[in-house]
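Down below is the structure, laid out as structure tokens.
The values are calculated or read from the model by the stated rules, or taken from the named source; none is laboratory data. Fair warning: this is a prediction, and the values are worked out from it, not measured in the lab. Cβ placement follows ideal geometry from the backbone for every residue including glycine, while neighbour counts extend to all protein chains displayed.
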Amino acid sequence: MVAAVKSATQGLLLAFLGAVLLRLSITDEHLRYVVPWMRWPLLVSGVFLLLLAIGPVLGLSRRRDADAEGDARDHGHDHGAGHGAGHGAGHGAGHGAGLEHGVPLVTWLLVLPGIVTFVIAPPQLGSYLAERRADDQVLVAAPAEVVDLQSEDAIPVTVDEFLWRAQEGGGSMAGQPVTLTGFVSYANGDRWFVTRMAIGCCAADATSYRVEVRDAPAPERDQWVEVTGVHVPESGSNPGTSEPAAIAAAEVVEIDAPSQTYE
Amino acid sequence: MSTGSTGSTDTRTQRPFGQTEVVALGLLVVVLLGRWIAPLLDSASLSTWSTIFLAIVIQSTPFLMFGVLLSAIISILLSERVLQKVVPKNPVLGVPVAGMAGVGLPGCECAAVPIAGSLIRRGIAPAVALTFLLAAPAVNPAVVVSTAVAFPGQPEFVLARFVASMLTAVAVGWFCLSRGSRLPLRRLEQLPTEGTARERFVATLRHDFVHASGFLVLGAMLAAAVNTFVPRSIVDTVAGQAVLAIGTMALFAFVVALCSESDAFVAASFTAFSDTAKLTFLVVGPAMDVKLASMEAGTFGGAFARQFVPLVVGTAILSAVLIGWWLL
């Protein structure tokens with residue numbers, strides 16, 4: 001039998017969730033889960049939850065005082081504010097219409113986001129999901145900004161822009177050396193990909209973008225790399241077929257993961 | 001559900017370690033020892049599930065907070081006179097008005113549930129509040145813009161989504177109106193009447209947040225599991241069959257529980273599906289998904305949710321097919 005969540009415990013759960021949100025917003029950890037501008041809503045929500053928690057948590061100490069004085073009808077702060085018409089009835093039957101009684105048992109689940117944060121410390125999405133989603137058909141929309149590709153030197157290009165150019169036939173980057181940044185994922189056997197996840201709102205709507213790397217030995221899974229090379233002509237021009245966009249690598253450099261891993 | 005009778009409460013607080021102290025101790029252990037427990041649980045599938053679960057929860061919490069804040073304002077601060085002015089007296093007219101009012105709430109679906117609850121609490125016809133609940137996440141400007149970005153060069157898609165979502169909300173609203181008092185809506189709890197306005201405001205805030213957030217976490221757990229373990233390519237296998245494709249997209253929208261501001265990008269990636277099937281995904285998702293169903297069961301009662309959820313999903317599919325056939 002799961003016990004009902006008492007008022008002071010509710011306060012504790014709210015404070016814990018608030019503290020987790022604050023921690024995620026102050027550090028860069030929120031970038032693993034949501035888009036960058038969510039930092040401020042998270043900060044505000046975290047502060048808000050902590051403020052909401054003050055009442056019930058203080059109510060804890062007040063009730064203790066009341067108990068010590070042998071006052072059976074406790075008049076803690078939260079009761080004063082929380083008990084409406086059901087105050088008397090609530091004490092008799094245990095099911096008042098007041099705000100404190102009748103909190104659903106699922107409220108216990110509020111503790112889960114915090115436990116997950118501290119115990120599992122979920123990393124940014126990586127090769128596991130990218131490989132599971134490898135068969136998804138990815139049709140890339142035209143990027144808002146397109147890099148000007150007219151240079152002798154290698155130009156950094158995002159993975160989704162590379163895929164979009166390949167999808168358009170690849171003529172716009174024929175022979176042009178480019179640099180792609182992403183993590184390593186594998187597919188059947190020895191093929192490997194420079195991979196990037198893109199998110200719209202949060203990690204739940206992530207799409208994986210990947211470009212096959214040829215002519216270079218595969219690094220470890222999830223290792224971040226910079227791959228410099230040229231587009232393999234014709235590859236990735238028809239996203240419906242099995243031939244993925246590919247880059248003929250001249251150089252593969254292992255790097256540390258960037259703070260913002262999503263595109 | 002509650003067992004918080006006075007007797008047990010009193011005996012618990014007299015123990016040296018009550019519930020609150022035990023929970024506090026547990027949380028302390030988690031915070032301090034978490035880093036040592038983590039390697040024991042190292043598995044790619046668990047960590048992926050955790051990332052998506054946490055992402056859904058922290059993405060939704062600020063929106064829920066916003067909704068709860070607005071709901072407390074409606075419940076406590078809005079005067080009777082203003083409320084009477086804004087909402088038409090005739091609920092038959094109120095239903096489409098509530099649908100259009102949804103355009104003004106730029107937020108995810110999580111914000112809409114507590115707001116609808118507070119409207120009912122203030123004596124507004126449930127049908128009107130429910131129409132707002134269904135319309136707001138689907139027709140607000142943020143959703144319209146993201147849909148236009150996800151379907152470039154297809155303005156008719158944006159229009160179709162708007163019309164089909166509005167049709168769903170208004171149709172369900174009028175149906176609920178015709179059912180009237182036979183709607184098995186749980187009587188919403190009384191608001192605090194004691195204390196100053198500020199105390200009542202804070203108590204309402206806390207009450208609404210605590211009541212909705214547990215269900216939000218539950219929905220996020222389920223949606224994260226689907227996201228992690230069901231590859232989208234499985235869904236693709238039925239793309240060829242018209243009827244099956246529409247049903248599958250509706251089911252998928254229900255279980256993945258995406259944010260209505262980003263679901264258009266996911267819908268656009270289902271290149272193998274017909275436009276009508278994609279539209280179904282976009283109309284069902286904001287109106288009803290596993291996260292919303294869970295929160296609605298918590299706010300309005302399980303008996304209500306068991307009727308409301310299939311009603312909304314069915315209506316959404318019908319109107320998406322109808323509008324898709326007409327506009328796309």
Residue in the stretch A:14-30 that is of a type in the set (D, E, K, R), within 12 Å of the chain's Cα centre (by Cα) and assigned by TED's automatic domain parsing to the domain that holds A:Pro104 present: yes
Test: B:Ser45 is under 24 Å from B:Arg186 (Cβ atoms) and touching a residue at least 12 places away in the same chain (Cβ under 8 Å): no
Lone qualifier among A:Gly182, A:Gly189 - being touching a strand residue (DSSP E or B) at 6+ places or on another chain (Cβ under 6 Å) and either without any contact (Cβ under 8 Å) to a residue 24 or more places away in the chain or not in a loop (DSSP other than H, G, I, E, B) (or both): A:Gly182
Counted residues, the stretch B:256-271 - those being part of a helix (DSSP H, G or I) and under 17 Å from B:Ser233 (Cβ atoms): 5
Where a residue in the stretch B:232-249 is at negative phi and buried (at least 18 other Cβ atoms within 10 Å of the Cβ) and its partner, wherever it lies, is among the hydrophobic types (A, V, I, L, M, F, W, C) and outside any helix (DSSP H, G or I), with Cβ under 6 Å and at least six apart: B:Asp236/B:Ala272; B:Ala239/B:Ala272; B:Ala239/B:Phe273; B:Ala245/B:Val238; B:Ala245/B:Ala239; B:Ala245/B:Phe273; B:Thr248/B:Val238
Matching residues in the stretch B:192-236 - criterion: being acidic (Asp, Glu) and more than 8 Å from every other protein chain (Cβ to nearest Cβ): B:Asp208
Residue count, the stretch A:12-47 (criterion: in contact with a Gly (Cβ under 7 Å, 6 or more places away or on another chain) and buried (at least 20 other Cβ atoms within 10 Å of the Cβ)): 7
Hey, A:Ser172 surrounded by fewer than 22 Cβ atoms within 10 Å (Cβ to Cβ) and either over 15 Å from A:Leu139 (Cα atoms) or touching a residue at least 24 places away in the same chain (Cβ under 8 Å) (or both) or not: yes
Of residues in the stretch A:1-59 being more than 7 Å from chain B (Cβ to nearest Cβ) and hydroxyl-bearing (Ser, Thr, Tyr), the one farthest from A:Asp205 (Cα to Cα): A:Ser7
Checklist (1) outside any loop (DSSP other than H, G, I, E, B); (2) touching an Asp or Glu at 6+ places or on another chain (Cβ under 7 Å) applied to A:Leu163, failing item: (2)
Residue, nearest to A:Leu139 (Cα to Cα), within the stretch A:181-191, restricted to residues that are surrounded by fewer than 24 Cβ atoms within 10 Å (Cβ to Cβ) and away from chain B (no Cβ under 14 Å): A:Thr181
Residues of the stretch B:119-129 classified as at pLDDT 90 or above and of a type outside the set (A, V, I, L, M), total: 1
From A:Val211, A:Val232, residue being β-branched (Val, Ile, Thr), closer than 17 Å to A:Thr181 by Cβ and out of contact with any Cys (no Cβ under 7 Å at 6 or more places or on another chain): A:Val211
Hey, B:Thr196 among the β-branched types (Val, Ile, Thr) and either surrounded by fewer than 20 Cβ atoms within 10 Å (Cβ to Cβ) or in contact with an Asp or Glu (Cβ under 9 Å, 6 or more places away or on another chain) (or both) or not: yes
Given (1) modelled with pLDDT of 90 or more; (2) under 20 Å from the mean Cα position of the chain (by Cα), index of the condition B:Gly104 fails: (1)
Subset of the stretch A:121-135 (residues that are facing chain B (nearest Cβ under 7 Å), in a loop (DSSP other than H, G, I, E, B) and more than 12 Å from the chain's Cα centre (by Cα)): A:Arg133, A:Asp135
